[in-house]
Every structure is written in C-alpha cells, then in structure tokens.
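Below you'll find the structure, written out as structure tokens, and then a few comments.
The values are calculated or read from the model by the stated rules, or taken from the named source; none is laboratory data. Just so we're clear, the structure is a prediction, and the values are computed from it rather than from any experiment. No Cβ is skipped: glycine too gets one built from the backbone with ideal geometry, and neighbour counts run over all protein chains shown. In case anyone asks, the SASA skips ligands and DNA or RNA and just uses the protein heavy atoms, side chains included. Shrake-Rupley method; radii C 1.70, N 1.55, O 1.52, S 1.80 Å.
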Amino acid sequence: MASGQCFPWAYENLPDARNARLVHAIVHPHGGKYGARPYAHAWIERVGRVYDWQSVVQGLGPGERGWPKKFFYEVYRPTAIRVYSYDDAQERPWLSHGPAKLVR
C-alpha cells in the first residue's frame, strides 16, 4: 500500500456539496489487516459514510460504497481531527499534501 496517497486523493475527490467534508486526522487502527501503528490519514465524509483512498482505489475495506462512519471511527480511532468544507479546502490547496507539508 502506498503511503500518503490518501491526502491528494481526498482533496481532489471532495465533491462540491454541502454535506461533504475533507477530514485529516491521526488514526490509531486496531491490529489485524488495518495495521497497528498510528499514522496521518485523510478521507471524505458524506451522508454518514467515509470514503478513503485505501477503500475506493485499492479495494481494501468496503470499496466504493464507503465505510459507515461509526464503524470507520471504531476501527481507525481518529484523533487530532480537522474537518474542512469544500470551500475551506479550496482556500487551502496545501491540504492535498498532508500534514508533513503543511505551510502556515
């Protein structure tokens, strides 16, 4: 699995819709196939579902139908959550690079 692809994918695929959000966080997944070490992650939330690069592009997890939000949060246990609307994200193009490249 390529590391860091979630940031540009989530930024570029965020729909211009009132009910869609770009989310950045540190995830702490339970062991097993989802790994065990915390890492920075990005995804899209829309209408109670979570869409991330690993699921939609790589076919891991539920695929294109997305995760139920509650289940995603139980599995990945995100912390340091930052949520951006479409307009907020468009004003901050550096969000596509992830937190390591964040310029203030």
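Observations, loosely collected:
- Selection from segment 61-89 of residues that are surrounded by 15 or more Cβ atoms within 10 Å (Cβ to Cβ), touching a residue at least 60 places away in the same chain (Cβ under 8 Å) and closer than 13 Å to Ala25 by Cα: Tyr84
- Set side by side, the residues Gln58, Gln5 differ, and just one is modelled with pLDDT under 95, under 12 Å from the mean Cα position of the chain (by Cα) and surrounded by fewer than 21 Cβ atoms within 10 Å (Cβ to Cβ), which is Gln5.
- Answer from Ala40, Ala25 - the residue that is in a strand (DSSP E or B), in contact (Cβ under 8 Å) with a residue 60 or more places away in the chain, open to solvent by less than 50 Å² (accessible area, probe 1.4 Å) and within 13 Å of Cys6 (Cα to Cα): Ala40
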